């Protein structure tokens with residue numbers, strides 16, 4: 001039993017490491033847990049423990065809802081794993097309401113970032129954005145795209161990220177929303193192309209709340225937010241994530257933040273990239289909309305990270321159940337402990353080998369306990 005307790009402690013430490021605020025550009029950081037495969041999560045079936053929750057996402061027969069009802073609300077889910085290039089397909093309905101923002105974000109520890117965002121004030125528009133190393137020297141990376149009915153119907157959106165280009169797409173249009181080729185992602189000769197392992201997070205927040213955001217952010221979000229007209233909810237039905245690389249974890253070999261510095265432990269970068277999982281793009285992207293009048297300067301206030309922080313629960317928390325996580329506990333991180341694995345549905349479960357070991361140990365313990373009890377009974381009867 002002491003061994004089980006020790007394993008649980010080690011697992012909790014691993015959980016705490018994954019969500020550290022360590023930036024690999026500045027120091028040596030813990031490795032990132034790799035997805036290394038494809039998962040298809042149907043939130044209509046409930047929560048999965050491969051995503052940590054911040055705030056209070058709620059689950060129902062139609063999926064997971066992210067509701068903003070008052071100041072400081074920013075419910076979201078954050079993957080405990082990372083992908084090194086990959087594809088994300090998420091089926092969602094954006095939240096309505098002036099100043100309300102729905103976001104899907106890929107973000108790395110060194111602040112590479114790829115975003116999709118929906119502003120509740122405009123139900124017929126979606127925004128795409130990207131950052132390299134969190135640099136905000138210019139704000140010419142964001143684009144606005146026409147897409148009807150983002151708040152009234154479920155639409156599947158795709159971010160397909162390879163070493164050569166990024167494609168933002170939706171099933172509501174036969175054309176990509178946008179394609180960014182790596183040579184075009186430069187700023188004054190600096191490579192701004194996202195190229196380090198990213199985790200996936202999504203949720204809703206009130207960018208138009210003047211009590212919690214800068215005036216420029218409120219303007220960008222087309223606020224102000226009027227909570228009396230709420231609550232406002234974003235709905236996510238499902239998400240499919242494919243990691244184009246393989247292995248158990250991704251490590252930064254140095255502080256350069258370059259793709260060449262990433263080591264795939266037990267696998268290889270791009271080893272899972274093939275014609276079966278890659279997005280085939282045959283049409284040119286639809287023209288982007290012009291930046292709305294008055295919002296050019298406000299784009300400078302789009303928060304890096306693409307999503308707000310929930311004041312009611314600022315740290316991502318675990319929703320793990322069973323061994324090695326203590327029921328009711330909420331450690332502030334996520335990882336996959338040794339002896340456990342992730343299913344194709346995004347559930348983290350104990351491997352059969354671990355089950356067998358646990359069963360053997362538990363059986364041995366119960367046998368010893370029964371033998372001792374029997375011995376005591378015999379001695380007492382004398």
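Observations on the model:
- Distance from the range 95-156 to the range 79-93 (C-alpha centre basis), Å: 15
- Spatial separation of Cα centroids for the range 29-61 and the range 241-257, in angstrom: 19
- Values of log10 I(q)/I(0), in the order q = 0.14 Å⁻¹, for the range 23-301 under a Debye, Cα-only, solvent-free model: -1.02
Each reported figure results from applying straightforward, stated rules to the coordinates on display, with no laboratory input. Remember, predicted model here, so these are calculated numbers, not experimental data.
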